[in-house]
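Notes to accompany the following structure.
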Amino acid sequence: MRGTRIEIRPGALRHNARRARTLADGGEVFAMIKADGYGHGLTLAADALAGEVDGFGVAVLEEARALREHGISEPILVAEGFFDRAELEQARALSLEMVVHSPWQVALLRDNPGPLRLWLKLNTGMNRLGLRPDSALQAAEQLAAAGMNPVGVMSHFACADEADDGRTDTQMALAAEVANSLGVPLSAANSAALIRYPHTRAQRVRPGIMLYGSSPFDWQSAAQLNLAVSHRFSARLIAINEIQPGDTVGYGATWTAARPGRIGVVAAGYGDGYPRHAPSGTPAAVNGQPTVLVGRVSMDMLTIDLHGIEADIGDEVELWGDLVDVDQVARTCGTISYELFCQITGRPERTIA
């Protein structure tokens, strides 16, 4: 077998959920498992986390329906809400919690009243989805008049993971003011805020990336945050080439050897979901020994520096996981671990540890 593998660890998901539970300090914990459980598997993540959290968060109704069909009975929050009347009726049939973020959704609800747990989404400065505070208060009045009182208010922080964050306190104050005016619970804290800002935890938190063993911060590792690795990407050496000074490696001849050495060819590439834009110097490990990528990533393979490393054909190369921090790989590639997790294709073998 080719030996390119993604290892998923449900026990690590549970460990990280318990960490979130401790930080929530009595508040509800809704685990975000959208985008196929951040690449871990939607139903696998739900099964692993059931019993550790109070409910689940997804992006769209299709994800929520898949969870219900799988047998998940816990509360499910749909972050983008409904898109039309048919989805509104499905949400009621599936007993979902729906986010209301736009005036057209309010209008659709008023035209189609009925029981449904609704969370008003506030735009407190991110300028993505959400109603401005004054509009949210007006929407709450309109919904209440139609017999549909919102059960909560939610917002989303723009910069809670930034070292020079100067926005979170302002956003929190706006959201808390609306929630207090309506006398309903507030949900605002994502992973970064849950860890960093105790005053944002409120009545419900929505951890995402921390559940998957990744740090939301550039200046703290997942290990420093007591988060367990839940996603390990590995492959095998399929060739070893001797090189001399001046030899180049890969498409575009982007890397040139400065000394004699050996290059290992690894059976993983962007066809497996490894980022094509990973530059030379991206960390990896072979047989537990740290090394780096050299040359450009191809569709089916990539190349690593074996100078000073004992390695043979068939040996395992960790691309991220226990020894190679996925967040460091992401930073080297100019992206975030969320993208690395979510872009893995169906080609690598998936195993459950």
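Some observations on this one:
- Among the candidates 181, 214, 135, the residue that is of a type in the set (Ser, Thr, Tyr) and buried (at least 24 other Cβ atoms within 10 Å of the Cβ) is uniquely 214.
- The residues listed here are 257, 278, 284; of these, the one that is over 30 Å from residue 16 (Cβ atoms) and open to solvent by less than 10 Å² (accessible area, probe 1.4 Å) is 257.
- Scan of region 289-319 for residues that are in contact with a Leu (Cβ under 7 Å, 6 or more places away or on another chain), open to solvent by less than 50 Å² (accessible area, probe 1.4 Å) and part of a loop (DSSP other than H, G, I, E, B), ordered by number: 311, 314, 315
- Residues being among the hydrophobic types (A, V, I, L, M, F, W, C) and open to solvent by 10 Å² or more (accessible area, probe 1.4 Å) - total across region 189-211: 2
- For residue 273, the requirement of being on the phi > 0 side of the Ramachandran plot, in contact with a Leu (Cβ under 9 Å, 6 or more places away or on another chain) and either among the aromatic types (Phe, Trp, Tyr) or buried (at least 16 other Cβ atoms within 10 Å of the Cβ) (or both) is met.
- Among the residues making up region 68-103, those that are open to solvent by 10 Å² or more (accessible area, probe 1.4 Å) and at positive phi are 71, 95.
- For region 224-246, a residue qualifies if it is assigned to a loop (DSSP other than H, G, I, E, B), open to solvent by less than 60 Å² (accessible area, probe 1.4 Å) and touching a Pro at 6+ places or on another chain (Cβ under 9 Å), and the qualifying residues are 225, 230.
- Scanning region 17-37 for residues that are open to solvent by 60 Å² or more (accessible area, probe 1.4 Å) and more than 18 Å from residue 340 (Cβ to Cβ) gives 18, 19, 21, 22, 25, 26, 28.
- Every listed requirement among (1) farther than 27 Å from residue 215 by Cβ; (2) part of a loop (DSSP other than H, G, I, E, B); (3) open to solvent by 10 Å² or more (accessible area, probe 1.4 Å) is met by residue 65 save one, (2).
- Per-region count, region 38-61, residues open to solvent by 10 Å² or more (accessible area, probe 1.4 Å) and over 12 Å from residue 76 (Cβ atoms): 7
- Sole exception among (1) part of a loop (DSSP other than H, G, I, E, B); (2) within 27 Å of residue 235 (Cα to Cα); (3) open to solvent by 50 Å² or more (accessible area, probe 1.4 Å) for residue 14, by number: (1)
- For the condition among the charged types (D, E, K, R), within 25 Å of the chain's Cα centre (by Cα) and buried (at least 16 other Cβ atoms within 10 Å of the Cβ), residue 169 does not qualify.
- Residue 322 being surrounded by 19 or more Cβ atoms within 10 Å (Cβ to Cβ), charged (D, E, K, R) and touching a residue at least 12 places away in the same chain (Cβ under 8 Å): no
- Flag for residue 334 being loosely packed, with under 14 Cβ neighbours inside 10 Å and more than 21 Å from the chain's Cα centre (by Cα): no
The values are calculated or read from the model by the stated rules, or taken from the named source; none is laboratory data. These figures come from a predicted structure and were not determined experimentally. Cβ coordinates were reconstructed from backbone atoms using ideal geometry, including for glycine residues, and neighbour counts include every protein chain displayed. These area figures cover heavy atoms from the full protein model, side chains too; ligands, DNA and RNA do not enter into them. Shrake-Rupley method; radii C 1.70, N 1.55, O 1.52, S 1.80 Å.
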